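All remarks here apply to the structure that follows.
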Amino acid sequence: MVTIEDSIQKIKFYSPGADTDLIRLAYDYAKKAHEGQKRLNGEPYINHCLATAINLAEMKLSQNIIIAGLLHDVPEETKPDHPEIALKEIKHNFGEEVATLVYGITKLGKIKYRGMERYLENLRKMFIAMAEDVRVIFIKFADRIHNLETLDAQPPAKQKRIALETMEIYAPIANRLGMGEIKGKLEDLSFKYLYAKDYEELKTDVSKKYKLKGECLKKIRLKLLKAVAGFSVEQNNAGEFKTKNAERIKIYSIHGRTKRLWSIFNKLKTKNAEDLSRIYDLVALRVIVNTVAECYTVLGIIHQIWKPLKGRIKDYIAQPKPNGYQSLHTTVFCDDGEIVEFQIRTKKMHEESEYGVAAHWYYDERGSSSPPGNDLKWVRELTKWKKKFEENQKFLESLKIDVFQNRIFIFTPKGDVIDLPENSTPVDFAYTLHTDLGDKCMGAKVNDKTVPLNTMLQNGDVVKIIIDKNRKNPSPDWLGFVKTTTAKNKIKNRLQKAKIESEGYEVRCANAICKKLLKKVPKKPDPDELVYCKKCKDRMREMEEKEKKEGKKS
């Protein structure tokens, strides 16, 4: 069972300057507020608050966020009819910032994965809360992780509902925020309840593999440490890097990273593999260094010792993933034919790959970074959604594609970067740039090669759209392969407009002599509504002005 001392020790480790007396005071306040309350597993309710706070401490977040984690359920669980009383007390005892965070969680309420309209409205509330203060979602993640860890106490139907909600909503949000460690925890904890048999079988198989790989990785790690020991990096005035023996490369750590079970499960399905032998990154070695230059130097050292696999070198430092992830990846043939992946990054990159946006607050307290602005533009866009009850199911599906699906970076010929969902096509790319570009699209070149318009784009592709200036409308067939909601809506709108133009009711100039065709509309126009063409309007205006002048003269 977790204790306040466990929490204090972790907070001291990650935030040495934290006011532990204030954290103890928050714990005492929460314990008294939840006195007599128990969870379904029989534990005192305060254990959940404490576990939430410890999860936040492990994210290396500030003391105010941790205190808010301790108090997050006080208003709703202890004073459900008058939460404002509890919030007022929290503000008085712990300050406005903590009270604001707790209010954000309280206002959010509990998102239920039942009743589509209610569910989507609650989901929209969550994005509004995130846009106002993204720290609210950190507390929700910490809360959700402990809820999943104690999910055994819930009925089977509720277990599956909570696990599905986590897998489809919370984990993808963590991914978009660059919080890899949190995403992995949420997915693996949910996996256990969604596919229990697959989970247990894979867990057993992977455990055996890890034991076999363990001794091999120890030898590889020692060999790399010895090789790196004689190297260092120096930058001269010309901006070129060279090695010297005077100052050695600073390695913070070389440690093993075991791949998450859910990630392995998905990779096996994608590769149609029946065993783990084709998963090369089951266990990877992470090399954490001080500078970007040292990352590339270590990569060079690794390739001097071991031969790299063709097509398995990835530079996410020069070209980060859409969620901000940065690292160098390489897979090599090591001793005895063992295939091993290396991930090389700086200390800051490592923190950001684990905790994403949350790491910005960690660095901000040390004066080297600041809370994100443009990183959350996509969240602010989501708050503008309009509810359409009859289209809610489609809406949720488009949400999963446009927001929660893995993202890829695509380049324009001029080098501009466009962020798209995975499996997007050149048509999706065209409509993301401009509606006219999509409507007039007749072909595409990807990396200087002509490809069909339904080609699935890959991360890093350079795409050029070929247009036909005389083309007015998109092809209805495109609706069968485009992925983004933007492209689908723009194609449908243009086709609808074209249908009206060809089949709708004619609206002609009301001047009996002119009768010029002005437009076509879907409904029969009102015969009493007189519409004139621009030429007739101008002529009528000239006549009116002439009559006024003549009237003044007379």
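The values are calculated or read from the model by the stated rules, or taken from the named source; none is laboratory data. All of these numbers come straight from a predicted model, not from anything done at the bench. Here the Cβ is made from the backbone with ideal geometry for all residues, glycine too, and neighbour counts use every protein chain on show.
Laid out as a table, the results:
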quantity: Count of region 1-25 residues which are among the polar types (S, T, N, Q), touching a residue at least 12 places away in the same chain (Cβ under 8 Å), closer than 14 Å to N55 by Cα and not in a loop (DSSP other than H, G, I, E, B); calculated: 1
quantity: Hits in region 325-340 (condition: buried (at least 20 other Cβ atoms within 10 Å of the Cβ) and not hydroxyl-bearing (S, T, Y)); calculated: Q326, L328, V332, C334, V340
quantity: From the options K464, K483, residue that is modelled with pLDDT of 85 or more, part of a strand (DSSP E or B), within 51 Å of the chain's Cα centre (by Cα) and not hydroxyl-bearing (S, T, Y); calculated: K464
quantity: Conditions (1) surrounded by fewer than 17 Cβ atoms within 10 Å (Cβ to Cβ); (2) touching a helix residue (DSSP H, G or I) at 6+ places or on another chain (Cβ under 7 Å); (3) without any contact (Cβ under 8 Å) to a residue 40 or more places away in the chain; (4) over 13 Å from I339 (Cα atoms); number of the one not met by I317; calculated: (1)
quantity: Residues located in region 270-295, provided they are at pLDDT below 90 and of a type in the set (D, E, K, R); calculated: K271, E274, D275, R278, D281
quantity: Condition broken by I410, with the remaining ones in (1) surrounded by 14 or more Cβ atoms within 10 Å (Cβ to Cβ); (2) over 18 Å from N454 (Cβ atoms); (3) at pLDDT below 85; (4) over 14 Å from the mean Cα position of the chain (by Cα) satisfied; calculated: (2)
quantity: Residue tally, condition aliphatic (A, V, I, L, M), part of a helix (DSSP H, G or I) and within 18 Å of D461 (Cα to Cα), over region 421-448; calculated: 3
quantity: Where I11 falls short, out of the listed (1) modelled with pLDDT of 85 or more; (2) buried (at least 23 other Cβ atoms within 10 Å of the Cβ); (3) of a type in the set (A, V, I, L, M, F, W, C); calculated: (1)
quantity: Flag for K497 being touching an Asp or Glu at 6+ places or on another chain (Cβ under 9 Å) and part of a helix (DSSP H, G or I); calculated: no
quantity: Residue list for region 9-49, filter: polar (S, T, N, Q) and over 34 Å from the mean Cα position of the chain (by Cα); calculated: Q37
